[in-house]
Each structure stands twice: as structure tokens, then as C-alpha cells.
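Engineer: Got a structure for you, questions after.
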Amino acid sequence: MTVGLVVVSHSARIAEGVVELAAQMAPSVTIAAAGGTDDGGIGTSFDRIQAALAEAESGDGVVVLCDLGSAVLTAETALELAEAPERIRIADAPIVEGAVAAAVAAESGDGLDAVVAAAEARQAEAAPPQAGDEPAGEAQRLELVLENEHGLHARPAAELVRTASGFDAAVTVEGVDAKSMLRVLALGLDRGSRVVFEATGPDARDALAAIEALARNRFGE
Amino acid sequence: MAEQHLDGAWTRRWIEAVAAAVSSRKAELTALDRAIGDADHGENLDRGFQAVLGKLDALDDGATPGAVLKLVATTLISTVGGAAGPLYGTAFLKGAMAAGERDALDAAGLVEVLTAARDGIVARGKAELQDKTMVDAWTPAVDAAAAAGDDVRAVLEAAAEAAQAGAVATEPLVAHKGRASYLGERAIGHRDPGAESTALMLRAAAETR
């Protein structure tokens, strides 16, 4: 079971497109689209949102990503009238980036709060995990050159985030949190970039070893 | 002498009058929305209230004001399709909850319903006064209603007048909520469509006997 996602947009095609993009990185997460009005026009549909919430809920909760105005208002109304509103969260995040980040977090087994936090993480407030927060051991360091043809784009970035998230360690890539999809993507690392990873915490060595193996495997590409 | 209590039958007549007014002024509401929004306010509200009309028939003859308001709320929420759906839907829902099981509303009860409706809109949309939204019609209406004494007709008339004045007063404002907030100073000089539809609903109430 994973946290499910609902994408609410004024446009059915936007909602479906965002779902398609996010699902590519999260094959086991249920992501439901709720776009457009009941008759296929531009707007938001309470009934479509309710149906999408039901579809995405597998017991672990649902995170909702919205575009503009009435998408948020209608989602909030649906949440208020839901049977278990405590298992539904509306993320305050840009719809595309937020959905991708939330999907990756849900895919790696994160709970409701962590999936919301992943969606809401913003590059502007990017603060690398402080070494001081991790008393267990000094920082481990790994430096390598990216070999992926298109650099660390969405899919390899998702692999990195998923790998880093599996360890009890604070891991950074070029100084940003390697467990945050948005922050990793925002680095815009191209092929040939020399990239520094650092890790602290109990699993620091293992985390970097796994990342090194992943990079050697071109992040699965 | 006018009746001093608004019962379920009055509430139903009011909603029918709102539906008729929205229908006849649909183009005007949409034109206001075209200037500073997404040009769908009139059509959206009309779709919602036409759906309400279809469901009113199925309601019991003895339905209370609260029951009528609740039916309007759930129908608008699921049929309007724009921000007006959740906003008016919440307003009618909170109004229905304030009306409770009462068979009829006196002036004080009416003020409670209006206040709850306004509070619901504020809670849902998080707009403040002067943000160029329907709140700019609702809040003056609630204030005027509360000060109008214990004659329901006087309360309705005061609310309708204040809502219309509030709607007109949105014209010089810059919007801070809703689609118009993307326009900055270009919104100046245009009346907020939501404030205007609020004024329309309360005017219909004042004219419903």
C-alpha cells in the first residue's frame, strides 16, 4: 500500500498529463485525475474530485495537488464533506512539480505527512540537512562524474531520491537534500558534471556506496 | 402587513426568484467576469440554479428553510464548476446549519443565517474586505441586516441595499483573491462578478413575498 495522489485541474488534459508524468516515476502509486467539469469543459467538478479521492484511497491516505482558485476551493469542500478528512491532505505546491515529488515520495513508501512535505519542498527554502543534526559520525564524501546522456533529469533523479531515502542518513548532492525530488531536479545537473555527494548518520557509508553503484549503472538508464 | 416569519415555502420562492434572476442576467454576470476573470460566472451560476430548480420539486411541501438551503448547497457544490460553486455552496450549507430545524425564521434568525453564510464564504475563500470579492457585498449586507431591527422585511431590504452598494464599491479596487488577482491594476474600474451575483440574490430575497 502507498499513499495515493489526486490531481485536480481546471482542464481534464492537464490533470491527465500530470498524472501521466508523475506515474512514470511511481508505478505502484495510484494517481487519479480530476480535471474539468462533468461535461468536459474548463472548471472543476466536485463529483470528479470525490470519485478520484475514492479511487486513490487505499487506506494510507491521499495527497491532493491542485492548480488554480476553484480547484483548491472545490478540493477543500470535498475534503470537508469526506468521511475521513484526516486521511486527505491538500498540498500547497505547484501542480506539476508537486505531483512528481509527491509521487516519488509515495513510491518510496513515505507516509502522508512526508509525501505532503515532499510536494511542498521548495527550492527557495532549500536548506541542506545540517551535519550537526546527525551526531553519528563525520561526513562521508563521494565525488563522481555524471555519465547520463541527459544529466540528472527526472527519471534518474527519481532513482537517486528513492535510493537516498532508503538509508538512515542525511544525504546531500551538491549541498541540497538528495531525498528531495524538487531540490535535486532544480540543480539541473548535466552530463559530465562533477557531482559531490555527502552523507552523515548511521548509514552514511552504505548510502554513498549505493549511490556510487547506482551512478555506475547510469541511474538505471 | 407583511409576514414576520420566513418559512420553507418562502425560502423555496426566494430560490426560484434567484434562479430566474440569474437566468435573465446571465450574460451580464459573464460579461463582468470576462473583463477580469474567466468569463463563466453567469453560465456557471445558471447551470447550478437550473439544477436546483430540478431538485426543488422532489422536496417535501413541508420542507423547512434549512432543508431548502441544504438542497441548494449540495446542488451548487456539485454543478457550478467554478469558484462560485464551493463558495456559494458553503454559504448555503452554513446558512442551512444555522437555520437548523426551525420551521420559520424571524428577523434574528435571518441575521443568524446571513452571518453564518458570510462566515462560511470567508472561511472557504479566505478573502478579506476590499479584496474585490463577494465578501465585499456580503459583509456590508450582514452588518446592515444586523442593524435593521426586528422586522424581517426591513432586514431583507437593508441587506439587499447594502450588498448592491458593496458590489458597486468593488469597482475601484485591485483584486487580491481569485482570477482577477492576476491582473493587478487592470482590474480597477470593473465590478466584481461575485459581489454582483450576491447583490442579485439578496435583492431577490427582498422582493420575494
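Engineer: Step by step: find N for the stretch B:102-209, compute 2.2 N^0.38 Å, then divide the Cα radius of gyration by it. What's the final number?
Structural biologist: Its radius of gyration relative to the 2.2 N^0.38 Å reference: 1.08.
Engineer: Between B:Asp103 and A:Glu80, take the C-beta separation as r, use R0 = 30 Å, and let me know the FRET efficiency to the nearest 0.05.
Structural biologist: Efficiency computed from Cβ-Cβ geometry: 0.60.
Engineer: Just to be sure I understand: of the beta bridges DSSP finds with both ends in chain A, what percent are antiparallel, rounded to 5?
Structural biologist: Restricted to chain A, the bridges split so that about 45 percent are antiparallel.
Engineer: Pick out, in residue order, every one of the GluC sites (Glu not before Pro) in the stretch A:22-114 that is DSSP loop and has at most 16 other C-beta atoms within 10 Å; say none if there are none.
Structural biologist: A:Glu83
Engineer: If you find the alpha carbon centre of the stretch B:143-209 and of the stretch B:50-65, how far apart are they in angstrom?
Structural biologist: 26 Å
Engineer: Give the distance, in whole Å, between the Cα centre of the stretch A:75-110 and the Cα centre of the stretch A:149-184.
Structural biologist: 21 Å
Engineer: Oh, and also: Which value, in Å² rounded to 10, gives the accessible area of B:His5 with a 1.4 Å probe and all protein chains present?
Structural biologist: 100 Å²
Engineer: Something else now. Just how large is the dipole of the stretch B:76-163 about the Cα centre, in debye to the nearest 20, putting +1 at every Lys and Arg Cβ and -1 at every Asp and Glu Cβ?
Structural biologist: Dipole of the stretch B:76-163, to the nearest 20 debye: 440 debye.
Engineer: Report the equivalent ellipsoid semi-axes for chain A in whole Å, largest first, defined as the square roots of five times the eigenvalues of the gyration tensor built from alpha carbon atoms.
Structural biologist: 34, 18, 14
Engineer: Checking a compactness column here: for the stretch A:128-220, what do you get for Rg(Cα) / (2.2 N^0.38 Å), N being the number of residues?
Structural biologist: 0.97
Engineer: Are there any trypsin sites (Lys or Arg not before Pro) in the stretch B:1-97 that are in a DSSP loop and have at most 15 other Cβ atoms within 10 Å? List them by number.
Structural biologist: Passing both the DSSP loop test and the Cβ count: no residue.
Engineer: Now for a separate question. State to the nearest 20 debye the size of the charge dipole of chain A about its Cα centre, where the only charges are +1 on K and R beta carbons and -1 on D and E beta carbons.
Structural biologist: Roughly 560 debye, rounded to the nearest 20.
Engineer: With viscosity set to 0.890 mPa s and temperature to 25 °C, compute the Stokes-Einstein D of the stretch B:17-117, Rh being the Kirkwood radius across alpha carbon pairs; µm²/s, no decimals.
Structural biologist: This corresponds to a translational diffusion coefficient of 175 µm²/s.
Engineer: So how compact is the stretch B:6-207: Cα radius of gyration and Dmax in angstrom?
Structural biologist: 15.6, 50
Engineer: Can you compute the charge dipole magnitude of the stretch B:6-207 about its Cα centre, using +1 on each Lys and Arg Cβ and -1 on each Asp and Glu Cβ, nothing else charged? Give it in debye, rounded to the nearest 20.
Structural biologist: Approximately 600 debye in magnitude.
Engineer: For the stretch A:4-120, just list the percent of Cα-Cα distances falling in each 10 Å bin from zero outward, please.
Structural biologist: Reading upward from the zero bin: 17, 54, 27, 1.
Engineer: Share of antiparallel DSSP beta bridges in the protein assembly as shown, in percent to the nearest 5?
Structural biologist: So the antiparallel bridges amount to about 50 percent of the total.
Engineer: Throw me the Rg/Rh for the protein assembly as shown, computed over C-alpha atoms with Kirkwood Rh, two decimals.
Structural biologist: Taking Rg over the Kirkwood Rh, I get 1.10.
Engineer: Keeping to pairs on different chains or 8 or more places apart, tell me how many lysine pairs in the protein assembly as shown have Cα atoms under 18 Å apart.
Structural biologist: 5
Engineer: How many percent of all Cα-Cα pairs in the stretch B:134-183 sit more than 14 Å apart?
Structural biologist: Summing the P(r) of the stretch B:134-183 above 14 Å gives 53 percent of all pairs.
The values are calculated or read from the model by the stated rules, or taken from the named source; none is laboratory data. As the structure is a prediction and not an experimental result, all values here were calculated from the model. Note that we place each Cβ from the backbone using ideal geometry, even for glycine, and neighbour counts take in every protein chain shown. Each accessible area value is taken on the protein alone, full model and side chains, heavy atoms only, with ligands, DNA and RNA left out. Shrake-Rupley method; radii C 1.70, N 1.55, O 1.52, S 1.80 Å.
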